[in-house]
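Trainee: Provided herewith is a single structure, encoded as structure tokens, for subsequent inquiry.
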Amino acid sequence: MIQLADPAVLSGFNIKKPVSKRIQVLLGISSWGLFLVGWHLLATSGQINDKLFPPPLQVFTALWVLFAEQNFLADVLQSVFRILASYGIAIAIALPLGLLMGTFPIVEAFLNPLVSPFRYLPAPSFIPLLLMWLGTGDEQKIALLVLGVVWFLITLIMDNTQAVRMELIETAATLGASKRTILKTVIFQAALPNIVDTFRQMLAVSWTYLVIAEIVAATNGIGAVMMRAKRFVHVDEIMAGILVIGILGLLFDSALRLLHWQLFPYLHRAKT
């Protein structure tokens, strides 16, 4: 039980002073507990139509039925495939462009005026064109997911690259390293921790576009299941789909956090 007067809790209100792992876990459980209790009380208060706002237990039951009786796992796996395929393509495009733009100002001067405006164009606005160009299959949905993140990835990787300390580059040049060697072994290696963290943060954006990609002419995937549920006013199934997307996003985020720990343990030891 967390005591509000506990010095360990009160110390958390000190600016930038970390709290213990135990307190972090307890507070995280408490916040979710309060959220679920509040959700249940609001849904069962009689002030809201429970058909449009079902309580948590009904949503969890609907989730069980989806997996046990409606082959929802196949839809989940299809959505995961679309996310992984599209994000892999986006990284393959953004990583070399971002590195080159962040390393060579002449490349930035040429490409940035083209890349920057695309960041402000909403990816869903391309849906009519993608449908005409690519049809209604996975290609259209994957292309939409790529467009949703690639421009931001390019810009953020460029920023990560530009943040590399100039002293490292000058030292390598003084020791006789070529431009190719400096780019590969100095700039890329120095920027890589921040680049991996950028991958983790932007993956969340890719998940936010998933339902948009799957509600247009889709027969499978989490978004398609949610749209079918909308037709029959099965709000519990829609909320179950939202819950699954949130859980999957959290799992992917945790996996990339773990990867960051494995690749760059020295950075995390420095923080502890």
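Trainee: Can you tell me the 0 to 90 degree angle between the C-alpha axis of helix 188-208 and the longest principal axis of the chain, rounded to 10?
Mentor: 20
Trainee: Using 1/(1 + (r/R0)^6) with R0 = 41 angstrom and r between the beta carbons of Ala177 and Lys17, what's the FRET efficiency to the nearest 0.05?
Mentor: Working: r = 42 Å, r/R0 = 1.01.
Calculated transfer efficiency: 0.50.
Trainee: Can I ask one more? Where a Cα-Cα gap under 30 Å defines reach, which lysines qualify for Lys179, not counting those fewer than 8 residues away within the same chain?
Mentor: Partners within reach: none.
Trainee: I would also like to ask the following. For segment 95-157, what does the alpha-carbon gyration tensor say about shape, rounded, prolate or oblate, given a ≥ b ≥ c as the root eigenvalues, a/c under 1.5 as rounded, and a/b over b/c as prolate?
Mentor: Verdict is prolate for segment 95-157.
Trainee: Moving to a separate point now. Tell me which lysines have Cα within less than 22 Å of Lys141's Cα, excluding those fewer than 8 residues away on the same chain?
Mentor: Of all the lysines, those that pass the test against Lys141 - Cα under 22 Å, at least 8 places apart if same chain - are Lys230.
Trainee: On C-alpha positions alone, give me the angle between the axis of helix 235-263 and the longest principal axis of the chain, in degrees, nearest 10.
Mentor: In the chain, helix 235-263 runs at an angle near 30 degrees to the longest axis.
Trainee: Measure nothing fancy, just the Cα-based angle from helix 56-69's long axis to the longest principal axis of the chain, in degrees from 0 to 90, nearest 10.
Mentor: Approximately 80 degrees, to the nearest 10.
Trainee: In addition: Match the structure shown to one of the listed values [x] 52, 42, 40; [y] 51, 46, 34; [z] 73, 62, 30 of Cα extents along the principal axes in Å, computed from it, and give that label.
Mentor: [z]
Trainee: Please compute the contact order of the chain in relative form: average sequence separation of alpha-carbon pairs under 8 Å and at least six residues apart, divided by the residue count, as a percent. Don't skip to the answer; put the middle values down first.
Mentor: On the way: 247 pairs, mean separation 57.8, N = 272.
Value for the chain: 21 percent.
Trainee: What lysines could a cross-link reach from Lys16, if we take a straight Cα to Cα line under 18 Å and drop same-chain neighbours fewer than 8 places away?
Mentor: Lys271
Trainee: In the chain, if the dipole is taken from +1 on Lys/Arg beta carbons and -1 on Asp/Glu beta carbons about the Cα centre, which of Leu256, Leu144, Ala218 is farthest to the positive end?
Mentor: Leu256
Trainee: Rounding to the nearest 20 debye, state how big the charge dipole of segment 59-271 is about its Cα centre with +1 on each Lys and Arg Cβ and -1 on each Asp and Glu Cβ. Could you put the intermediate results ahead of the total?
Mentor: Values: 14 positive and 13 negative charges, 74 e Å.
Computed charge dipole of segment 59-271: roughly 360 debye.
Trainee: Using the alpha-carbon centroid of each, what span in Å lies between segment 209-272 and segment 101-143?
Mentor: For segment 209-272 versus segment 101-143, the Cα centre distance is 23 Å.
Trainee: Identify, among Met239, Ala229, Ile182, the residue whose Cα sits farthest towards the positive end of the charge dipole of segment 169-272, taking +1 on the Cβ of Lys and Arg and -1 on the Cβ of Asp and Glu, with the dipole about the Cα centre.
Mentor: In segment 169-272, that residue is Ile182.
Trainee: Let me ask another. So, counting K/R as plus one and D/E as minus one, what does the shell of residues with Cβ under 13 Å around Gly221 add up to?
Mentor: Values: positive: Arg82, Lys141, Arg228; negative: Asp75, Asp138, Glu214.
Computed value for this residue: 0.
Trainee: In addition: Across segment 35-42, in residue order, what do the Karplus-derived ³J(HN,Hα) couplings come to in whole Hz, using 6.51 cos²θ - 1.76 cosθ + 1.60 with θ = phi - 60° and x for Gly and Pro?
Mentor: 4, 5, 5, x, 4, 4, 5, 5
Each reported figure results from applying straightforward, stated rules to the coordinates on display, with no laboratory input. Quantities reported herein were computed from a predicted structural model and do not represent experimental measurements. All Cβ positions, even for glycine, are placed from backbone atoms using ideal geometry, and neighbour counts span all protein chains on display.
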